[in-house]
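Accompanying notes for the structure given below.
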Amino acid sequence: MVCYNTTFVLKNLSNYVEDVKKIEKNCKIYQNLLKCYIILVMFMKKIVLKIKGMTCSACSSGLEKYLNKQKGIIRASVNLVLSIASVEYQGLSIKEIEKYIENAGFKSVGEFKNISSVENKNKEKVKLIILGIILLFMMYIGMNFMFNLSNILLLNHNYQVIVSSFMFIITLIFLSYGFDIIRNGWKNLIHLIPNMDTLVAFSVICSFLYSFYGFIEIIIGNNFNFNLYFESTCMIIYFIKLGRFIEDISKDKTKSALSDLVQITPDYAILKKKNKEIKVTIDEVKSGDILISKAGEKIAVDGIVDSGKSYVDESFITGESKPVLKEVGAKVIAGSILYDGYLEYKATDIGKNSTISKIIEIVINATSNKSKIQRIADKISGYFVPIIFIIALITFIVHLFINSSFSESLIYFVTVLVVACPCAIGLAVPLVVVISNGLCAQKGIFLKNGSIIETARNIDTIVFDKTGTLTSGKLNIDKVFNYSSRSNQELLNIVSNIESLSNHPISTAFSIEQKLDVSNYEAMSGIGIKGSINNKTYYLGNAKILEKLKIRNNYADDYSKLINLGCSIVFVVENKKVLALIGVRDTIRKDVKKAIKEFSKNNIDVYMLTGDNHITAEVIARELGIKNVFANSLPQDKDKFIKDLINDGKFVAMAGDGINDAPALKCASVAISINDGTDIAIDSADVILMNNDINNIIDLIKISKKSYKIIKQNLFWAFLYNMCMIPIAAGAFSYYGISMSPMIGSIAMVISSITVVLNSLRLRRIKI
C-alpha cells in the first residue's frame, strides 16, 4: 500500500514537473512576444498628413488600402472630410510615406497641424458665375432646335461651321477649367484606384472626342446632322465643379465647431522679464516663463497661476458657461478668457503637450477611427466605380446590338458614368461623424474612438464608481455637534491646525483660517492624532480614541445621526472631555441627481459600484435615487461585475476616475472617464468628460441616436438614388419615354451629393 502511494506520488510529481516546464516554455513565448511588442511600440511613429486631390470616398478608401499594403506602414486611416491620412509607421522617413501617397495618385502637403478654417473661395465663385453665363449662351445656341429657330439656319453650312467652331472654343475653355478632374481621374486609373474623377473624365473625354469628330466632319463639308455634344461636355464639368464648390462650403460648416476649437488660442503672449512686459509669439514661450494676462485677454499657454486672482471663462473646452475662479496654484488652460482682475502664470505645457494639442489629437483619432457602418460604406465605395464602368460598357454594347446608333449608344454610356454617385455613399457617414464630434466638443465631451458615435445609442446600463465620479472626491465638513463653550469657527480652527500635520485623507476636509503653534504632535495608528496648542492637549480620531482615553461614550445618538448621513466621524477631545463630533463626507457632484432621473426616464439601468462600506454607499445611493448598489468592491470585483452584465446581454457604459476603475473601464462596452480622473483611467476610457458633468453622458447618447438616424437616412438616399438613376441612365425605361441626357445626369449626381451633405448639416441645428 505504501509502495502504491509512493508510485502514485512520483507519477503525479513527474506530471507536475512536466506541467511546470510547459508553463515556463509558454511564459518564455509570451515574454518574447511582449518584448517584440514593446520594441515595436518603442520604434513605431505616427504622423498625420494633409492630403490634396481626394474628391470622393473611392479616393479615400483606395488610398487607405494602398498605404496599408506598403512595407513599413503598420496602419493607415484616411479621413475624406478633413482630407488627412493618419499613418503609423516604422523604419520609414516622412518623405518615403509622401512618396507612397504620390504613387497612389495624390499629394501630401505636409504635416497636418490644425483643422483648416474656411478658405477664401471668392475666385472660384467668380469663375462659376462667368462660366455659368457662357454655358447658358452655349446651351441656347447648341440646342437651338428647342427654340424653334428657322430650318434654313440649321441647314446653312456656314452657320453650322460658325456655331460648331464657337462651341468647340468654349469647350476647350471648360476642359481647361476641369483639367484637374481629368488629370486626377486618369492618374487614379493608372494607379488602379479609380474614383469619381475617373468616371467623369471618361464621360467628358468620350463625349468630347465624338463631338470633335463631328466638328471635323462639319468643317470638311460632310453633313453630320449637327449631332454635337459639346454643351454636354461643358455641362458635366460645370455641374461637377459647382457641386464640389457647394460641397466644400458645406464641409467647412461641418468642420466649423472643430476649427473654432483650434483658433481660440492667441498668436501672442505677454512675457514678464525683469519686471518688464514683452510681447512675444507663442513659439517663443518656453516652459517656466512667467506670462501675464489682463481682464478681457486670453491665456496664451497652459500654466499655473503664480500671482493674482480672476474669474476665467473655460466654456470653450468644458462646455460649462459659468466662470471659474483662478487663484495662486490653480491650473489655467490656453484660450481661457479673463473676465476681470490680473493673472501672472508660469507656462507649463506648450506645443504638442498643451491641452488644445491633446484635444486636437483626440478629435483627429476619433474622426479617423472608423465605425463598422463606415467601414462597410467605404468597402462598397471601393467596388462602386469598377462596377459602374462595367454597367456603362454593357449598356453601350447592348444598345449597339438593339440597333441604336453609335451616337445614341455613346450617350447612354456617358450618362451612366455621369449619373452614378459614389460620393453620396462615401460622405454619408464621415460627414455625420465630424459634425457629431464637433457637437460633443462644444459640450466638453471628447471621444477617443470614432465608433462611439455609432454605439453609444445602444447604452441600456450605466455603472458608476462613487468616489470622484458621483461625488467630488474631496472631503468636506458636513455637520458639527459642538459640546464646548467655543464657537464652531474657533473649534474648527484648532482642529485644522492639528490636522494640517497629518497625511490622512480626512485632513483635506479642514482648512486653516488662523495659524496656531502646534507642539507634541503624534500620530496614533488606527486611532487618530494628538497635538498641543497653548499648553492644552487635543485628541482627534475615531471612536477607538474614547476607548484609549477610557472615556464613556455618551454621544451614541449624534454618532448614529452622522453615520446615517454617510459621514466619517472625528471625535475632538480635550483633557478627557469630548468637545465635539465632526461629520466629514464626500460631496455629491452638481446636477448628479438630475442625471440619474434622466437615465431612469430613458429606461437606462443605473448601478453604483464602490469600494466604500455598505452604510456610506447606501446613504449616497438613497440620496441620488440609485437602487442598485454594490459596496466593498475590489478592482477585480468591478471587472467581473461589468463582464457579468455584458454576458447577460447588456450594453454597458462604465464611468470612473481612479486606478482601481481601469480594469472595469477596459472591459465595458463604452468606457467613460471624468477629466479629474487619474491618467490610467483617462487612458482606459473611450470618452472624456472635460467638465466632469455626468449629464453629458445623456447628451452623448442623444447625439449618438440622432447621428445614427441621419447616417441611415443618408445611406438610404444614396443607395436609392443610384438604384433608380442608373437604370434610367442606361435606357431601361426608354420604351416608356423615360430617359436622361448626360447634362441631366450630371445635375442629378450633384443634387444627390448635396442632399446627403445638407441632410448631415441638419445635425448642427438639433438642440441637445
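Using a 1.4 angstrom probe on the protein heavy atoms only, line up Met725, Met235 by accessible area, largest first. Could the numbers behind the result be given before it?
Details: Met725 45, Met235 5 Å².
Greatest to least solvent exposure: Met725, Met235.
Rolling a 1.4 angstrom probe over the protein chains, ignoring ligands and nucleic acids, what is the accessible area of Thr415 in square angstrom, nearest 10?
Per-residue accessible area (Thr415): approximately 0 Å².
If Met723, Met54, Met44, Met196 are ordered by their accessible area, calculated over protein heavy atoms with a 1.4 Å probe, which sequence runs from highest to lowest?
Details: Met723 140, Met54 25, Met44 60, Met196 0 Å².
Of Met723, Met54, Met44, Met196, the descending order of accessible area is Met723, Met44, Met54, Met196.
Can you grab the distance from the C-alpha centre of the range 167-190 to the C-alpha centre of the range 441-508, Å, no decimals?
The range 167-190 and the range 441-508 have Cα centres spaced 65 Å from each other.
Which of the listed residues, Phe651, Ile672, Pro635, is farthest toward the dipole's positive end in the range 635-676, when Lys, Arg count +1 and Asp, Glu count -1 at the beta-carbon?
The one lying farthest along the dipole's positive direction is Phe651.
Which order do you get for Trp717, Trp186 if you rank them by accessible area with a 1.4 Å probe, largest at the top? Could the numbers behind the result be given before it?
Numbers: Trp717 85, Trp186 150 Å².
Sorted descending by solvent-accessible area, the residues read Trp186, Trp717.
Given the protein chains as shown and a 1.4 Å probe, how many square angstrom of Arg244 are accessible, to the nearest 10?
Spelled out: Arg244, probe radius 1.4 Å, area about 50 Å².
Suppose every Lys and Arg Cβ carries +1 and every Asp and Glu Cβ carries -1, with no other charges. What dipole size does the range 54-110 come out with about its Cα centre, to the nearest 20 debye? Let's see the in-between values first.
Working: 7 positive and 5 negative charges, 24 e Å.
Using only the charged Cβ atoms, the result is roughly 120 debye.
Residues of the range 388-441: accessible area per residue at 1.4 Å, in Å²?
Details: 1550 Å² over 54 residues.
Accessible area per residue, the range 388-441: 29 Å².
What's the carbon and sulfur percent of the range 566-672's accessible surface, probe 1.4 angstrom, rounded to a whole number?
Working: 2290 of 4780 Å².
Carbon with sulfur: 48 percent of the solvent-accessible area.
State to the nearest 20 debye the size of the charge dipole of the range 484-537 about its Cα centre, where the only charges are +1 on K and R beta carbons and -1 on D and E beta carbons. Let's see the in-between values first.
Numbers: 4 positive and 5 negative charges, 20 e Å.
My answer is approximately 100 debye.
Which entries of Lys95/Lys241; Lys627/Lys650; Lys241/Lys448; Lys474/Lys530; Lys601/Lys650; Lys69/Lys712 have Cα-Cα distances beyond 25 Å here? The partial results should precede the final answer.
Values: Lys95/Lys241 31 Å; Lys627/Lys650 17 Å; Lys241/Lys448 35 Å; Lys474/Lys530 23 Å; Lys601/Lys650 18 Å; Lys69/Lys712 31 Å.
Table pairs above 25 Å Cα-Cα are Lys95/Lys241; Lys241/Lys448; Lys69/Lys712.
Accessible area of Lys479, 1.4 Å probe, to the nearest 10 Å²?
For Lys479, the solvent-accessible surface is approximately 90 Å².
The values are calculated or read from the model by the stated rules, or taken from the named source; none is laboratory data. Treat the numbers as computed from the prediction; the structure is a model and nothing was measured. All Cβ positions, glycine included, derive from the backbone under ideal geometry; neighbour counts span all protein chains shown. Ligands, DNA and RNA are stripped out before the accessible areas are found, and what is left, the full protein with its side chains, is counted by its heavy atoms. Shrake-Rupley method; radii C 1.70, N 1.55, O 1.52, S 1.80 Å.
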